[in-house]
Amino acid sequence: MPPLVELRGIEKRFGGIRALAGVSFELCAGEIHALLGENGAGKSTLMRILFGLLRTDAGDIRIDGRTVTLHRPEDARRLGIGMVHQHFMLVERMSVAENVLLGDRGAGFWRTPASLRRRAAEAAARLGLDVDPHALVEQLSVGQRQRVELLKALRRPVRVLILDEPTAVLTPGEIEPLFATLRRLRDSGCAVVFISHKLGEISTLCDRVTVLRRGQSLGTFPVADTPIERLAGMMLGAEEQVENRKSKVEIGSVESSKRRNDERSKSQIVEAGKTETGNEKTTSATGVAQHAEADVIVDMRAVSSESGERPPGLERVDLCLRAGDLIGVAGVDGNGQAALIETLLGLRRVTAGDLRVAAAPHEIAHVADDRQREALVLPLSVAENAVLKMHARPPFARRGVLRWPAVRGFARELIGQYDIRARSERAQAVELSGGNQQKLVVARELHGRPRLVLAVNPTRGLDLGATRYVRARLLEAARRGAAVLLVSTDLDEILELSHRVFVLYRGRLRQAETADGLVQRIAALMAGATA
Amino acid sequence: MRHAVRALGASMAAAAAGIAVLLAVAWLCGYPPAAVLRVFAQSVAGGADRLSATLLVACPLLLTGLGVCVAFRCGVWNIGAEGQYLVGALAACAVGIHLGTWPAWVAAPLTLLAGVVAGAIWAGLAAWLKLARRVQEVLSTILLNFVAIQLVAIMVHGPLADPLSAQRDTTSSIAAAARLPLLSSRHGLHAGVAIALLAAVGAWFFLRHTVPGLRLRIVGANPIAARLARLPVTGYTAGAFLLSGALAGLAGAVEIAGNSYYLTARYGAGYGYTAIAVAMLARLSPPAIVPAALFFAMLDTGVRGLQHADLEGAASFPTTLTFAAQGGVVLLVAWLAGPPKRTGET
């Protein structure tokens, strides 16, 4: 039996970024197929192509074995493809029935609301979705709104249903009814694509899983036969690391013994880290021990913080950062990274526990997660962005008046030192490429001598050279006596740079203790393993 | 400054296009374009009194335009310059009437100060509604315009009414000491024009060369980054409201103290609304607001001249054409000054 949908060698570029690099994907009738990957791995892009929202640069789309061209979502709908977007596209002030039939060209101009409601109610009953067609969308809960989106997608016969991170907005109680609906759809012969980075949900719901990483497919696997840790590892790049090691072991013994030494020293480092929090038994054989006497920069004891705009908040987090430490925090996005950083910056209220930060605000460097949203002011010039946090201090200002020669000189210095490609320091930040924007942020934040460095995904979207450069600067900052907290979803990066590794999961921070199978252990913690 | 120069180039192009639109519409309506242009130019700058009439209109447009500019630069969509202008004029009038026994060097500044404070308070109401009650300023400022219009009418008919006026629809004149000195007594050109130019220089210096000015622009362009850089976002937002209202209030006070000397029940001339077009035409750059205000003042006096002129036998020129031209200019500017192209990254 040929697969229902076949995507072959799909390529897609956005500007200079290659979002999809020759991805192939197969979907069969009567399966729930997970599309797993980190943010930016290309999951949504691939499915938007299948839904006709984006055009491919290269590659084939085949449905029932026939090549098709999809210019717009209407083409996809006609072929029986429906999609539920991550962000709801509903008209708040209209009723459920009106929303469901809004885009329906079959609904005539004069059709009365009564018949609209009847049709919506019929569709809801047929699909077993419990939602009142009279209700106004603005009065519905998030879970109910999602049911309306499902109704919209399913009001016509659908053979393929794509859901983009459908559980991201749901409460735990709302998730099970959604899963029941999806299972019913599968059993009726529909193919369901479930985009997610939540491993637990994939293992309970899905039949097969395709893993994407950095715009490439790492293969499709049956969920039942694939350990969840392995999926986590693949998604985050640990698999590559493991395979690299294997190949190196095979190549030569010198190489492998060096690797083993690395492993051992890592294990000792981890032991040392463990003893720090417990009884004061410091080992002298490791790098960390040199700084064991040094001053504590961050001391968090059982700190909980409010969940704020970007939940979850922290839950009883213990963390001790000393000068010279470079601590890695791994974890899947949305597990409290924002809370950790904002709490340390003093921007999120601590609800319990004891937090001490021995660094003045201007001594904290913050390489923010989203450079365009959080770190840069795009319409302003490179020079203005270079002094975003220190423009009020000499030599950049005197008695409240800016001294532009000093500001521009400083910006030119950063441009030269960090090889930022900009027309001039007067160029708007928006004119720079993504990589150069990131270099500008790193340059600004690591300039001078910060005591505490908070770096969140500092190399996301950077090319190889820039990545290497940014990592070198982080290591250098730690060497010069800063406490560096590296929060990253890239496990490679964490393992390459960190002295100790912690994992964030639902606002809780756990130390990855054992050296044997460190990668596996981290992957398991990220998937939510306890103890 | 480069930003100002670029803004100036775009606004010149848009202004020229605006005049072209006016002429084209006039031609389509059967008026000879050459005659229209001649009459237009004469009414704008044909002699010292015509020129000073244009400058007298440009003065309140410049001040209110600066007010709108400061607010927009901070991401505050204050479209209530008209209301702030009116309460500024009202306060200046109420204070200026009672300053007959004071020396001029105290009375005139005090009159202006009354307008500044009143305008700031009026904008402050919208700031409070936004920051404490989450009411969008686009809504609150425009509604406060209507409140201000009625407030002026109540005060003019009631407490401030001139006892000698039969209809009771004007106030008494403000004291001679409270009036602004005249730069040219024959043409009625008052010191307010100089004040407005100084305010433009001040606004440019503030936004471009001071720490609070830079912070105001940072807050306006990216409040999230501003918060992470530990800038008091709420404080700067409130400050932008107050400063913007103060400038519009100053415009109203200058108009009272320099030009009209008393209030009427229907005082507003729509300067506060035109100010938005002025600020947009200047692409929110204070130095460019000077020519932008002049341009809209020209449009105003030029078209008023056309209404009264004999255009080779054709019927008098309708005011509606001015509004068409003004609208055309704003659209052209929006088109010429579109947002910068973003890079491919999403």
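The values are calculated or read from the model by the stated rules, or taken from the named source; none is laboratory data. Since we're looking at a predicted model, the values are computed, not measured. Reconstructed Cβ throughout: ideal geometry from the backbone, glycine too, with neighbour counts over all protein chains shown. Just the protein is used for accessible areas: all its heavy atoms, side chains included, with ligands, DNA and RNA removed. Shrake-Rupley method; radii C 1.70, N 1.55, O 1.52, S 1.80 Å.
Quick rundown of the values:
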| item | result |
| --- | --- |
| Mean Cβ count within 10 Å, highest first, over the residues of peptides A:116-126, A:133-143 | A:116-126, A:133-143 |
| The protein assembly as shown - charge dipole about Cα centre, Lys and Arg +1 at Cβ, Asp and Glu -1, debye rounded to 20 | 1040 debye |
| Karplus-derived HN-Hα couplings along the stretch A:134-141 (A = 6.51, B = -1.76, C = 1.60, θ = phi - 60°), whole Hz, x at Gly and Pro | 7, 5, 7, 4, 5, 8, 8, 6 |
| Whole-Hz couplings from phi, Karplus 6.51/-1.76/1.60, listed for the stretch B:90-104; x for Gly and Pro | 4, 5, 4, 5, 4, 6, x, 4, 9, 9, x, 8, 8, x, 4 |
| Cα centroid separation - the stretch A:155-198 against the stretch B:1-73, whole Å | 60 Å |
| Efficiency of FRET from Cβ geometry, B:Ala176 and A:Leu53, R₀ 56 Å, rounded to 0.05 | 0.20 |
| Efficiency of FRET between B:Arg38 and B:Leu198 - r from beta-carbon atoms, R0 35 angstrom, step 0.05 | 0.50 |
| Shielding by partners, peptide A:401-407 (average Cβ within 10 angstrom, other chains) | 2 |
| Cα gyration tensor category, rounded, prolate or oblate, for chain B with a/c compared to 1.5 | oblate |
| Beta bridges per DSSP with both ends in the protein assembly as shown, % antiparallel, nearest 5 | 55 percent |
| Gyration tensor verdict on the stretch B:1-144 (Cα atoms; rounded if a/c is under 1.5, prolate if a/b is larger than b/c, oblate otherwise) | oblate |
| Given charges at beta-carbon only (K, R positive; D, E negative), |dipole| of the stretch A:377-448 in Debye | 300 debye |
| Mean Cα-pair separation over length for chain B, i.e. relative contact order, pairs under 8 Å, 6 or more apart, % | 35 percent |
| Label-point separation in nm, B:Gln307 to B:Arg168, each point 7 Å along Cα→Cβ | 3.0 nm |
| In Hz, Karplus ³J(HN,Hα) per residue of the stretch B:119-124 (6.51, -1.76, 1.60; θ = phi - 60°; x = Gly, Pro) | x, 5, 5, 4, 6, x |
| Shape call, the stretch A:146-212: gyration tensor on alpha carbons, a/c limit 1.5 | oblate |
| Per-residue average of Cβ from other chains inside 10 Å of A:370-378 | 5 |
| Projected area averaged over orientations for the stretch A:349-436, convex hull of C-alpha atoms, nm² | 7.7 nm² |
| Pairs of lysines in the protein assembly as shown (C-alpha under 23 Å apart; 8 or more residues apart or interchain) | 13 |
| Semi-axis lengths, Å, the stretch A:5-235, gyration tensor of Cα atoms, sqrt of 5 times eigenvalues | 30, 21, 16 |
| Of all accessible heavy-atom area on the protein assembly as shown, the percent that carbon and sulfur account for (1.4 Å) | 57 percent |
| Residues whose placed amide H lies under 5 Å from that of A:Val329, excluding near-sequence neighbours | A:Leu486, A:Val487, A:Ser488, A:Phe502 |
| R0 of 41 Å, Cβ-Cβ distance A:Ala135-A:Ala352: FRET efficiency to nearest 0.05 | 0.55 |
| Longest DSSP-loop-exposure-free segment, trypsin sites (Lys or Arg not before Pro), chain B, at most 16 other Cβ within 10 Å | B:1-133 |
| Peptide B:215-226, shielding by other chains (average Cβ, 10 Å cutoff) | 5 |
| For the protein assembly as shown, alpha-carbon Rg over 2.2 N^0.38 Å | 1.16 |
